[in-house]
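Participant: Provided herewith is a single structure, encoded as structure tokens, for subsequent inquiry.
The values are calculated or read from the model by the stated rules, or taken from the named source; none is laboratory data. Just so it is clear, the structure is predicted and the values come from calculations on it, not from any experiment. Positions of Cβ are generated from backbone atoms using ideal geometry, with glycine treated the same way; all protein chains shown enter the neighbour counts. These accessible areas exclude ligands, DNA and RNA; they are computed on the full protein's heavy atoms, side chains included. Shrake-Rupley method; radii C 1.70, N 1.55, O 1.52, S 1.80 Å.
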Amino acid sequence: MSEAVEKLKSVLPSVPADAWEKIEAMAALHREWNAKINLVSRKDVDNLEWHHYAPCLAAGTFLRLMAGARVIDVGTGGGFPGLLLAVLFPQAHFTLMDSVAKKILVVSDVAEKLGLKNVETRVGRVEKLGKHFDFVTGRAVTNLPAFFGLVKKLIAPGRKHSLANGVLYWKGGELAPENDALGVVPAKIVELESLLGDAYFSGKYILHYPYPDVFRARCTPPPQ
């Protein structure tokens with residue numbers, strides 16, 4: 001196993017033992033594709049596992065999903081966090097969606113080669129989607145009022161998982177201005193610097209907003 005994956009294992013013991021082989025294979029596929037399509041900065045690809053996989057896998061330290069859970073990863077890009085979450089939670093179904101077709105081409109190829117039967121991919125605008133999900137995830141897609149405006153109609157109410165249905169958002173930077181704009185605050189804030197023990201993740205968070213707060217937040221309306 002690579003040194004990069006061993007580092008992940010040392011700080012993320014919550015990841016199931018049988019997931020690491022898929023994670024290592026995923027990294028090889030992402031690097032292969034990144035040479036053709038810019039998924040992550042070429043300057044940062046050597047840090048793929050730590051800078052990009054670790055924050056996604058960190059969700060496994062607090063999130064538990066029941067069988068049949070439905071999750072949509074909006075603006076998935078190269079599959080962050082959706083592909084990593086699909087490896088963590090094989091009992092759940094993940095829809096990975098992006099408006100950029102070439103990125104979905106990559107995600108579809110990676111999912112197929114890893115045998116991730118719980119992944120569905122879609123190209124298009126999420127606001128046109130007429131389905132409901134337990135969780136909407138996103139990683140630095142846009143500002144939170146705009147993101148909520150895009151996704152709030154996708155969330156089904158409920159609380160059968162370790163967290164109430166809602167939004168899980170990976171964000172860097174100041175939280176207060178966007179929370180002030182929303183008029184709501186996260187029910188859960190996971191500080192990645194503390195969790196992963198690395199100052200690189202200073203000011204980077206995973207935020208959980210339950211369904212009722214997403215629905216009553218002040219949002220930017222999606223484009224018509």
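Participant: Among the DSSP beta bridges whose two residues both lie in the chain, what percent are antiparallel, rounded to the nearest 5?
Facilitator: Beta bridges within the chain, antiparallel portion: roughly 35 percent.
Participant: Turning to a different aspect of this structure: If you average the sequence gap of Cα pairs under 8 Å that are 6 or more apart and divide by the length of the chain, what percent do you get for the contact order?
Facilitator: The value is 17 percent.
Participant: Under the rule a/c < 1.5 gives rounded, and otherwise a/b versus b/c splits prolate from oblate, where does the stretch 71-161 land using the Cα gyration tensor?
Facilitator: Oblate is the answer for the stretch 71-161, as a/c is 1.5 or above yet b/c matches or exceeds a/b.
Participant: Per-residue counts of other Cβ atoms within 10 Å, averaged by peptide: what ranking do you get for 98-104, 77-83, 205-211, highest first?
Facilitator: Descending packing order for the listed peptides: 77-83, 205-211, 98-104.
Participant: Let me ask another. Could you state the number of Å between the C-alpha centres of the stretch 1-65 and the stretch 80-121?
Facilitator: Taking the Cα centre of each part, the stretch 80-121 and the stretch 1-65 sit 14 Å apart.
Participant: Further, regarding this structure: So which trypsin sites (Lys or Arg not before Pro) in the stretch 11-45 end up in coil per DSSP with only 13 or fewer other C-beta atoms within 10 Å?
Facilitator: Qualifying residues, ordered by number: K36, R42, K43.
Participant: Suppose each label sits 7 Å from its Cα in the direction of the beta carbon; what would the D46-A28 distance come out to in nanometres?
Facilitator: 2.2 nm
Participant: In addition: For the pairs K103/K152; K131/K152; K131/K188, note any where the Cα-Cα span goes beyond 18 Å.
Facilitator: Distance filter (> 18 Å) returns K103/K152; K131/K188.
Participant: For the stretch 93-224, with all protein chains present and a 1.4 Å probe, just round the carbon and sulfur fraction of the accessible area to a whole percent.
Facilitator: Summing carbon and sulfur atoms, their accessible area is 51 percent of the total for the stretch 93-224.
Participant: Using a ≥ b ≥ c from the Cα gyration tensor of the stretch 106-204 (square roots of the eigenvalues), is it rounded, prolate or oblate, where a/c under 1.5 gives rounded and otherwise the larger of a/b and b/c decides, a/b for prolate?
Facilitator: Verdict is oblate for the stretch 106-204.
Participant: When the distances between all Cα atoms of the stretch 26-130 are binned every 5 Å from zero, what whole-number percent does each bin get?
Facilitator: For the stretch 26-130, the pair-distance distribution reads 2, 13, 24, 25, 20, 11, 4, 0.
Participant: Grab the DSSP H runs of the chain that are 4 residues or longer, score each as -39,500 (n - 2.57), total them, divide by all residues and round the 222 nm result to the nearest 500 deg cm²/dmol.
Facilitator: -9000 deg cm²/dmol
Participant: Something else: With N denoting the number of residues in the stretch 1-70, provide Rg(C-alpha) divided by 2.2 N^0.38 Å, to two decimal places.
Facilitator: 1.19
Participant: Here's a follow-up. What is the dipole size for the stretch 77-127, taken about its Cα centre, with +1 at each Lys and Arg Cβ and -1 at each Asp and Glu Cβ, in debye to the nearest 20?
Facilitator: 60 debye
Participant: Sort 109-116, 171-178 for me by packing, meaning the mean count of neighbouring Cβ atoms within 10 Å per residue, highest on top.
Facilitator: Ranking the peptides 109-116, 171-178 by packing returns 109-116, 171-178.
Participant: Across the Cα atoms of the chain, what radius of gyration and what greatest pairwise Cα-Cα distance (Dmax) are found, in Å?
Facilitator: Over the chain's Cα set, Rg and Dmax evaluate to 16.4, 48 Å.
Participant: Can you list the DSSP H helices in the chain whose Cα atoms extend at least 24 Å along the helix axis and whose mean Kyte-Doolittle hydropathy is 1.6 or higher?
Facilitator: none
Participant: Then there is this: Can you give me the C-alpha center-to-center distance between the stretch 188-211 and the stretch 127-142, rounded to a whole angstrom?
Facilitator: 20 Å
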